[in-house]
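Here's the structure we're looking at; comments come further down.
The values are calculated or read from the model by the stated rules, or taken from the named source; none is laboratory data. Computed from a predicted model, the values in this text were never measured in an experiment. Every residue, glycine as well, gets a Cβ built from its backbone with ideal geometry; the counts of neighbours run over all protein chains shown. The accessibility values were calculated without ligands, DNA or RNA, using every heavy atom of the protein model including side chains. Shrake-Rupley method; radii C 1.70, N 1.55, O 1.52, S 1.80 Å.
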Amino acid sequence: MDEGRWASGRWQVKEGRADAFIERWSEWLGSTSQRVAGFRSAKLLRAEGDPLRFTSIAEWDDDSSLKAWKTSEGFRENIESCKELCDEFLGGDYDVAASFSAPSAVRS
């Protein structure tokens, strides 16, 4: 089973900038999904107890796809554009350590 590679970020957005942040992040990853080979999916999650705290997760086919994205045209500009709306950002790359899925009968 190919688990792929993951990039993730924790974003603490400045007061009053959440909508702009969501828009910038969405445009960036929407563009990425159209032009960078190996992209599988991305999600931006918002913390229930803190509407200014977000976690982003992007799945890639493999390490070379993830690295190609990070060196692609516009990556630095796009991440900096998102970061300027934040008080704090912490990012990293990940392998799957454990994975579980509910059987289809349980999901229904």
Gain in span if fully extended, residue 73 to residue 101, counting 0.36 nm per residue against the direct Cα distance: 6.5 nm
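Summing +1 for each Lys or Arg and -1 for each Asp or Glu, what net charge is found among the other residues whose Cβ lies under 11 Å from the Cβ of residue 57? Could you put the intermediate results ahead of the total?
Values: positive: 10, 40, 43; negative: 59.
Net charge around residue 57: +2.
Calculate, for the stretch 1-92, the solvent-accessible area per residue in square angstrom, rolling a 1.4 angstrom probe over the heavy atoms of the protein chains.
Accessible area per residue: 58 Å².
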Loop-resident sites, the stretch 58-92, for chymotrypsin sites (Phe, Trp or Tyr not before Pro), counting at most 12 other Cβ within 10 Å (DSSP): none
The stretch 8-80 - percent of accessible surface contributed by carbon and sulfur, probe 1.4 Å: 47 percent
Over the chain, relative contact order from alpha-carbon pairs under 8 Å, at least 6 apart, %: 44 percent
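Suppose only helical runs count, i.e. DSSP H with n ≥ 4. What mean residue ellipticity at 222 nm does that imply for the chain under -39500 (n - 2.57) per run, divided by all residues and rounded to the nearest 500 deg cm²/dmol?
Numbers: 4 runs with 39 residues, N = 108.
Counting only the DSSP helices, I get -10500 deg cm²/dmol.
By the gyration tensor of its Cα atoms, with a ≥ b ≥ c the square roots of the eigenvalues, what is the shape of the chain: rounded for a/c under 1.5, prolate for a/b over b/c, or oblate? Could the numbers behind the result be given before it?
Working: a/c = 2.00, a/b = 1.21, b/c = 1.66.
Because a/c hits 1.5 or more and a/b fails to exceed b/c, the chain counts as oblate.
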Approximate spin-label separation residue 6-residue 64, in nm, with each point projected 7 Å along Cα-to-Cβ: 2.4 nm
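Under the rule that an exposed site lies in a DSSP loop and has at most 16 other Cβ atoms within 10 Å, name the longest stretch of the chain with no trypsin sites (Lys or Arg not before Pro) of that kind, not counting the sites themselves.
On the way: sites that count: 14, 17.
With trypsin sites (Lys or Arg not before Pro) excluded where exposed in loops, the chain gives 18-108 as its longest stretch.
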